[in-house]
1. Conditions: (1) more than 21 Å from residue C:107 (Cα to Cα); (2) touching a residue at least 24 places away in the same chain (Cβ under 8 Å); (3) not acidic (Asp, Glu). Residue C:154 meets all but one. Number of the miss?
2. Here are some conditions: (1) within 11 Å of chain C (Cβ to nearest Cβ); (2) under 16 Å from residue A:213 (Cβ atoms). Residue A:149 meets all but one. Which one does it not meet?
3. Given the options B:89, B:37, B:83, name the one that is more than 30 Å from residue B:179 (Cα to Cα) and exposed (fewer than 15 other Cβ atoms within 10 Å of the Cβ).
4. Looking at region B:62-78, which of the residues that are surrounded by 15 or more Cβ atoms within 10 Å (Cβ to Cβ) and more than 12 Å from every other protein chain (Cβ to nearest Cβ) is nearest to residue A:258 (Cα to Cα)?
5. Can you tell me which residue in region C:151-182 is farthest from the other protein chains (Cβ to nearest Cβ), limited to those that are closer than 27 Å to residue A:100 by Cα and of a type in the set (S, T, N, Q)?
6. Would you mind stating whether residue A:171 is part of a loop (DSSP other than H, G, I, E, B) and at pLDDT below 95?
7. Taking the condition of being under 24 Å from residue A:226 (Cβ atoms) and in contact (Cβ under 8 Å) with a residue 40 or more places away in the chain, how many residues in region A:33-57 meet it?
8. Among B:48, B:42, which is in contact with a helix residue (DSSP H, G or I) (Cβ under 6 Å, 6 or more places away or on another chain) and among the aliphatic types (A, V, I, L, M)?
Amino acid sequence: MQPSMGLRTPPVRSDAESVPSATKMQIENLSIFYRDFRAVSNVSLSIGAQRITAIIGPSGCGKSTLLRALNRMNDLVPGSHAEGQIILDGQPLYARNVDVVDVRRRIGMVFQRPNPFPKSIYDNVAYGPRLYGVRSKSNLDELVEKSLRQAALWDEVRDKLHQSGLSLSGGQQQRLCIARALAVEPEVILMDEPASALDPISTLRIEELMHDLVKDYTIIIVTHNMQQAARVSDFTAMMMIDEHRAGRVIEYNATRIIFTNPTDRRTEDYVTGRFG
Amino acid sequence: MIRKTFETELKQAKDEMLVLGSMVEKAIIDSVTALKSRDLTASAKVLAGDTEINKKRFAIESQLMILIATQQPMAHDLRLLASILEIISELERMGDYAKGIANINIRMGEAPLLKPLIDVPRMAQKGADMLHRALTAFVNEDIELARKIPVEDDEVDALYNQVYRELMTIVIGDPKTIERANWLLWTAHNLERFADRVTNICERTVFVATGALTEINDTDSEFWKQK
Amino acid sequence: MNHRSIRRQIWRKSINSVMLALCGAAALAVVAPLLLILGYVVREGLPAITPQFFTALPTPVGVPGGGVVNALAGSLMTVGLGLVMAAPVGILAGIYAAMHPDNPFGVLIRFGTDVISGVPSIVMGIFAYTLVVLPQRHFSALSGGVVLAFIMLPTLTRTTEEMIRLVPSSLRDGSLALGAPEWKTTIDVLLPAALNGLVTGIMLAVARAAGEAAPMMFTAFGNPFINLDFTQPVETLPHMIFTYAISPYGDWHGKAWATALVLITLILLLNVAARLLVWWRGRRLGLVR
């Protein structure tokens, strides 16, 4: 039996490095604390615009914590605070007069387990735009269709937009969540292990989708699946816990280098499966 | 140890490659020995041996493909497996050189040798020795050794030059000997190419260890400039 | 299979049977009282049920016929009023306690509801008497509503808190990540998600309140006629059961059983209606049922 879903493995984007990319997000000396405990230590990364950057590392090394700091979702954890700075298109995100709602609009997030709201498919996607004042039905209809098309879900749900988001399959639900995130027209999309709860075909679909999305958005993905990071990303950051149990980025380079000839011994051990 | 099975399979792949290497070493020595002593039966054996070499090469290749598909090798492991694939391809062609020499012996049939073979066996010996050490260096990831071996190719080239001059002299003296001279020249040529391929194997050793793929000792161009 | 393993198998099977029998007996012991009560109520009460039972006013002793329409109206009024007063407070307090569990207020809410739910309902009745009846100088449906509100409050608060807590945090994260403020997330995402549980909570609270007789003695007091004025006393079903039951008259005893049957049936119907509502909502959203 061969799979005949019209899927192909995503092509290697060889131009990803030869065409230099502007820096979309600059992470400077970022440390994240939970009360007194330093969970992430002194991370500095340059995230390229319209590129896919992967963050890999063994469990508990702070990947998700780092990701959540990028759209200030960490603020919701009581006792959590951050030091250092994140600069998005020249504007600092951790500053006194920054509107967190605006940050989360510009930086969207997709989670590990698909989490559609218990509403209709239409209302799920329209939730974000409605938050920001879009009221007219025609505008919403347009936005909903556009987002669902971008998430490669439109054809499957166009006739049942009124049905609950929960009536979809796992892979479809995740694409719905992606459409929901896209509906507010963000600039950066954060993905926290977006395919780890999905079957292999859905996973490949999501990866294919990422390749389409990256033309318009900057994507940062946390994944514990190394092959996925290798398949999908242009740049990879390797994280590991130091002796104080704080997560650090120990190597950051083009993906092809990280997976064929990494510099740090620990990265080599991790990607070859000798550790972690 | 994590990936114990994989480690074992990697070691197996290397061992199989070494076995193939020794088959090729034996083939080149045997083919020249058979030529020297005009032993047509021995040459027939070399031909049969080449079939075995080809079979083994494809067997190793299949094993490696399975390993690559199922184990998702990265970084060093990936370079290692990719290099073994390349090396067994080289070894197979080196085996073909031995086959060529065996064929020459058979085609020469009853005709006597033009001159006693001295340099040609030396070339074969040198080539086989270089191959042996190059494969050892690969398995041990000995970059130092790998960088030194290609230099010895110059010796083989020098021997080839000598054979060439001697045969030219004979042919100029007696043009009727051109066919037999041709056979011998072709034999020497095969041995010279044999030694050249060893350099490729040494380049692979450096690649696996460092990730850099460069030419070592590109003196062949020097050689042709001299002519 | 050898001798020993066969013996072991038999041993295992017999232990299994014994355990199953014990579980069955326990289940029976739990269900039996319920079945007995229901059986009694139906057997004793059904004979007195007539269509006019639901439409007529109570008749004096000895006069046949009569009904409980005044108590029906009164129960509706008091329970309804109690719900209207308690639901907003209880649900909001429950939401607060769920969102801020470590906050002193959150702790206070939880502690407070535990205390209130431990107060005997008759004490609540006296409290409402002092609070509402005395200043008004007469009994009223209003005071009845007040006391039922107090009685319903802990259940509503607790259930709301539990149900909101049960909503997966991923739903909350999803909304917040889109830039929604906390309050909007609570209203637009968490409450709808917890709706089924909230409905259950409301049903539980209503069921309890509808059956309270003691507090009614001090507040709604009772009324032989239908009265739709909240400032006047009303009759309620449980109070009516009490009145009929402690009387020395045989036919009133029959009416007590009948009223009890009506009360139980009403609550059952309310529950069924609520479940149907939830199911219909689920079906409308296209969820597989």
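1. That leaves (1) as the condition not met.
2. (1)
3. Values: B:37 fails: more than 30 Å from residue B:179 (Cα to Cα); B:83 fails: exposed (fewer than 15 other Cβ atoms within 10 Å of the Cβ).
Step by step, each of B:89, B:37, B:83 is checked, and only B:89 is more than 30 Å from residue B:179 (Cα to Cα) and exposed (fewer than 15 other Cβ atoms within 10 Å of the Cβ).
4. Here is the first cut: in region B:62-78, the residues surrounded by 15 or more Cβ atoms within 10 Å (Cβ to Cβ) are B:63-64, B:67-68, B:71-78.
Adding the requirement that they be more than 12 Å from every other protein chain (Cβ to nearest Cβ) leaves B:63-64, B:67-68.
Working: B:63: 26, B:64: 23, B:67: 21, B:68: 18 Å.
Among residues in region B:62-78 that are surrounded by 15 or more Cβ atoms within 10 Å (Cβ to Cβ) and more than 12 Å from every other protein chain (Cβ to nearest Cβ), the one nearest to residue A:258 (Cα to Cα) is B:68.
5. C:169
6. no
7. Residues of region A:33-57 that are under 24 Å from residue A:226 (Cβ atoms), as a first pass: A:39-41, A:43-48, A:50-57.
With the extra rule that they be in contact (Cβ under 8 Å) with a residue 40 or more places away in the chain, the set shrinks to A:39-41, A:43-45, A:47-48, A:50-57.
So the count comes out to 16.
8. On the way: B:48 fails: in contact with a helix residue (DSSP H, G or I) (Cβ under 6 Å, 6 or more places away or on another chain).
Going through B:48, B:42 in turn, the sole match is B:42.
The values are calculated or read from the model by the stated rules, or taken from the named source; none is laboratory data. Small disclaimer: the values here were computed from a predicted structure and weren't measured. Backbone-built Cβ (ideal geometry, glycine too); neighbour counts: all protein chains shown.
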